[in-house]
Amino acid sequence: MEIRYQEQKKLFRGYQSKKVFFTGLVLLIFSGFGLSQELILMEKIRTFTKSELSSIFFIEALYNVDVYRIHYTTTNTFAQKDTASGVFCLPVKANTVFPILIYDHGTVSDRYDVPSFGSYEQSISAVFASFGFITVAPDYIGLGISKGLHPYVHPESEARAGIDLVLAVKAINSLENFHYNDQLFITGYSQGGHAAMATFKTLSASSELEVTAVAPMSGPYSISREMKKFTFGDTEYFFCAYLGSVLLTAKYVYPELFTELEIEDMLKPDYAVMVRKFEREEIDLDDLNDQMIAKLRQNNGKVLPKRMFIDSVANAFLTDDDHPLNQALERMDVCDWKPEKPLKMLYCKNDDQVTYRNAVYADSLMHANGSETVSAADVFSSGDHGTCFYPAALALRTFFWQYQEIGTVGTTEPENPSISIWPNPASDLLYFENINMNVQGKDIMIRLYDATGQLLATHKILPNAQAINNIDIHYLKSGLYIIEISNSNGLVEIKKLVKSPQ
């Protein structure tokens, strides 16, 4: 839910291409799973090498990644057929079966600042693919090639865009070495965190796809409560454009609630004009935010978004739970339900755009509803919305690796099972025994990560087939750790380690 936060912009901008040149395979395919989605077009955009991806994310990528632009059909907010766009990122490894991951992008400034048009979110999608996941990233309804207003933080359309993209990708039968298993992982950052939760909730009530694990990052799950308190109080909030975009969505998606209210009936004239310009795409979200901040400072001295609203409307919004806007925001919430599959909400306590209270409140509601699979974790207490992404993504990777299964074509066994670890649980020394060194490539590397995704130790396996190697883990706290075993060709396997007290 960020407006091009600067830290990540600097990190990924060098890999963003405003003009995407499509090369290689171009396919036109009309083949669908059902009434709502069809794969319309697939075209290869580029290949990211492991070294490129490692330099983007400052952590070793395990696979080269081919990126494809996808056009597919889905349904819009009014259950009408629409054509949408997104990307499909395929780890490059022959005869290897990977799980699928949905990555939902964060708030963007305009309709073309999206994965399929070369935004930095495309690079993020490729990075996740390099960890051993076939990654799909929808542009969303109203963005990319999809026409009309983007229904910002609208759960149903966010979910439908991702689900139908997965179904469309599964229709591909023309790519050699495209093999997937039944696992599905879901994540997203900021608005994408909201979209990831919406997708999980939708799939929990259907049989379309089976979810393996979900890890939304810094998402506004409680818009009607936590985000309302965070943005509509007496503390300055410098991301006013979010409120304008939410207001447009509420009016657009829930017209039955606003039969007697137009934007001009809720916002003061200066701000209503700005929002209408944004609606017509005459200005982008960054421009809208800058203009709102400047006008608020001019009129009030402080950037208090509630001052954009007509006083009587602001008062009703704060005091009347049945106000149309409050009813609309409640429909956008994705926090009050009972997940049955592993869910880990990742946040930073100092987030200046999406309060961490969204995750804490959602965690409390879900546990109260009886869920035993939910947790929430502060991955970087001092991190703001821009600096939270990197530690959240590291923690996400480790969380997903606990469940990830990578196999080879024709078998359900893990790919090249060759290294055993013992004892497990372990307290002092952890041994790596090379039982069967029939892996391709050299330089077998062992990497040990904690639950937050931080690399704790590396160890090179000796080439002697009878060699026994060990590392000292006595200093580690009790708990769960992840061991990554890789060679020069990529990931070999992931193992879980339980560290027991000494």
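List of remarks:
- The long axis of helix 389-401 is offset from the longest Cα principal axis of the chain by roughly 50 degrees.
- The order of the peptides 200-212, 264-276, 117-129, 86-98 by mean Cβ neighbours within 10 Å, most packed first, is 117-129, 86-98, 264-276, 200-212.
- Rounded to 5, the percent of DSSP beta bridges in the chain classed as antiparallel: 70 percent
- Over the chain, equivalent-ellipsoid semi-axes from the Cα gyration tensor in Å: 41, 26, 20
- Sorted peptide list for 142-155, 373-386, criterion being average Cβ within 10 angstrom, highest first: 142-155, 373-386
- Gyration tensor verdict on the range 141-243 (Cα atoms; rounded if a/c is under 1.5, prolate if a/b is larger than b/c, oblate otherwise): prolate
- Ranked by how many other beta carbons lie within 10 Å on average, peptides 53-59, 187-193, 345-351 from highest: 187-193, 345-351, 53-59
- Residue pairs, from the table K228/K268; K268/K349; K170/K460; K229/K268, whose Cα atoms sit over 27 Å apart: K268/K349; K170/K460
Just so you know, all these numbers are worked out from the coordinates, no wet-lab data involved. Here the structure is a predicted model, which is why all the values come from computation and not from measurement. Here Cβ is always computed from backbone atoms with ideal geometry, including for glycine, and neighbour counts include all displayed protein chains.
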